[in-house]
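Engineer: Next up is a structure, given as structure tokens.
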Amino acid sequence: MVDLETIFPGLAGATYQVTSPATGLYNCIAWSTGDLSRWWWPDALKQRYWPPGVAREETVAAFQDAFAGLGFAVCQNESLEPEFEKIALFADDEGPQHAARQLLNGRWTSKLGELEDVEHDLHDLEGVEYGKVVVFLSRPIAVP
């Protein structure tokens, strides 16, 4: 079993919990959008899903465009706003590395690559693996 706290030192001593088992079916980008059926990534060989019409490049702008196609727009911060869903995009010098989704309780949920999904505080995952949060996006919560 992989030690999440070794990979993500910010989790050590933090209040986090594993919320579902490891799977390679979907990744953090898909998880943040609610898509549990496929792995989202703008790979050049087109082996992974990427929204049609969005530049297939690992840039913050391309990821923002991918989320914009689902109704997300850049917002100011991670503050909980009950009428909005929020996503935090993490990046390092190489480009986007991770996305997390805010839960209704104000905490965040992430799919850690092919590892588990976890509930955590936002900045617990910043570091070598994912870089830091570079942009927040939000959309109104759909009313059934």
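The values are calculated or read from the model by the stated rules, or taken from the named source; none is laboratory data. The structure presented is a predicted model; accordingly, all values stated were derived computationally and were not measured. So basically every Cβ, Gly included, is an ideal-geometry build from the backbone, and we count neighbours across all protein chains shown. Accessible surface is based on the protein model in full, side chains and every heavy atom, while ligands, DNA and RNA are left aside. Shrake-Rupley method; radii C 1.70, N 1.55, O 1.52, S 1.80 Å.
Engineer: If you check A100, A91, which single one turns out to be outside any loop (DSSP other than H, G, I, E, B), open to solvent by less than 60 Å² (accessible area, probe 1.4 Å), modelled with pLDDT of 95 or more and more than 27 Å from A142 (Cβ to Cβ)?
Structural biologist: Unique residue meeting the criteria: A91.
Conditions tested, residue by residue: (1) touching a helix residue (DSSP H, G or I) at 6+ places or on another chain (Cβ under 7 Å); (2) of a type outside the set (V, I, T); (3) surrounded by 13 or more Cβ atoms within 10 Å (Cβ to Cβ).
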{"residue": "D3", "(1), (2), (3)": "no, yes, no"}
{"residue": "T6", "(1), (2), (3)": "no, no, no"}
{"residue": "L11", "(1), (2), (3)": "yes, yes, yes"}
{"residue": "A14", "(1), (2), (3)": "yes, yes, yes"}
{"residue": "G24", "(1), (2), (3)": "no, yes, no"}
{"residue": "A30", "(1), (2), (3)": "no, yes, yes"}
{"residue": "G34", "(1), (2), (3)": "no, yes, no"}
{"residue": "S37", "(1), (2), (3)": "no, yes, no"}
{"residue": "W40", "(1), (2), (3)": "yes, yes, yes"}
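Engineer: Considering each residue of segment 61-78, count those that are under 20 Å from G34 (Cα atoms) and either in contact with a His (Cβ under 9 Å, 6 or more places away or on another chain) or not in a strand (DSSP E or B) (or both), and give that number.
Structural biologist: Result for segment 61-78: 12.
Engineer: In addition: Considering only residues that are surrounded by fewer than 15 Cβ atoms within 10 Å (Cβ to Cβ) and either at pLDDT below 95 or not small (G, A, S) (or both), which ones fall in segment 104-120?
Structural biologist: Listed by number, the residues that qualify are L104, N105, E114.
Engineer: Quick check on segment 71-91: of everything there that is under 14 Å from the mean Cα position of the chain (by Cα) and of a type outside the set (K, R), which residue is farthest from D117 (Cα to Cα)?
Structural biologist: That would be F72.
Engineer: Continuing with the same structure: Can you tell me which residue in segment 103-144 is farthest from E81 (Cα to Cα), limited to those that are in a strand (DSSP E or B) and more than 13 Å from the chain's Cα centre (by Cα)?
Structural biologist: By that ranking, first place goes to G127.
Engineer: Within segment 26-47, how many residues are outside any loop (DSSP other than H, G, I, E, B) and farther than 16 Å from H98 by Cα?
Structural biologist: 0
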